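The values are calculated or read from the model by the stated rules, or taken from the named source; none is laboratory data. Just so we're clear, the structure is a prediction, and the values are computed from it rather than from any experiment. Cβ atoms come from the backbone with ideal geometry, glycine included; neighbour counts cover every protein chain shown.
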Amino acid sequence: MPMIQISKQGSPCQVDDFPEKTKRSCDGALYLRPGTARSVTEDELHHINATPVHAALAARITVISEPRKRVAVPKAKPSPARFSDGKSDKKSKDK
């Protein structure tokens, strides 16, 4: 879900005319207050941008971040402790 921010100018508004099949981020109306950031679904953002009634609101919205795919990073194995004389820790080898 993209994160959006509403500009500080203007008054609070609500959007409640979403089509029936729209994926929603919340139940009921979407309340947007000036100077706040919130997550919305792609469908909600598309509806606001595509509907002429919401043109003034769409002009006040800035998309802060797009959703990113999470990549699994393998965990690194800790290396055994080494001492200043170059010898390794025998306890860590026993485990």
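Counting only residues that are in a strand (DSSP E or B), of a type in the set (A, V, I, L, M, F, W, C) and without any contact (Cβ under 8 Å) to a residue 60 or more places away in the chain, which one in region 1-53 is nearest to residue 65 (Cα to Cα)?
Within region 1-53, the match that is nearest to residue 65 (Cα to Cα) is 37.
Looking at residue 70 and the list (1) at pLDDT 90 or above; (2) part of a loop (DSSP other than H, G, I, E, B), which single condition is not satisfied?
Every listed condition holds for residue 70 apart from (1).
If we keep just the residues of region 19-71 that are under 15 Å from residue 1 (Cα atoms) and in contact with an Asp or Glu (Cβ under 7 Å, 6 or more places away or on another chain), which is surrounded by the most Cβ atoms within 10 Å (Cβ to Cβ)?
Checking each candidate, the answer is 30.
For region 5-23, which residues satisfy the criterion of being closer than 11 Å to residue 43 by Cβ and among the polar types (S, T, N, Q)?
22
Would you mind finding the one in 79, 84, 88 that is at pLDDT below 65 and farther than 30 Å from residue 4 by Cβ?
88
Counting only residues that are modelled with pLDDT under 90 and surrounded by 12 or more Cβ atoms within 10 Å (Cβ to Cβ), how many does region 4-16 have?
Number satisfying all stated conditions: 1.
Scan region 10-45 for residues that are under 13 Å from residue 61 (Cβ atoms) and among the acidic types (Asp, Glu) and jot them down.
44
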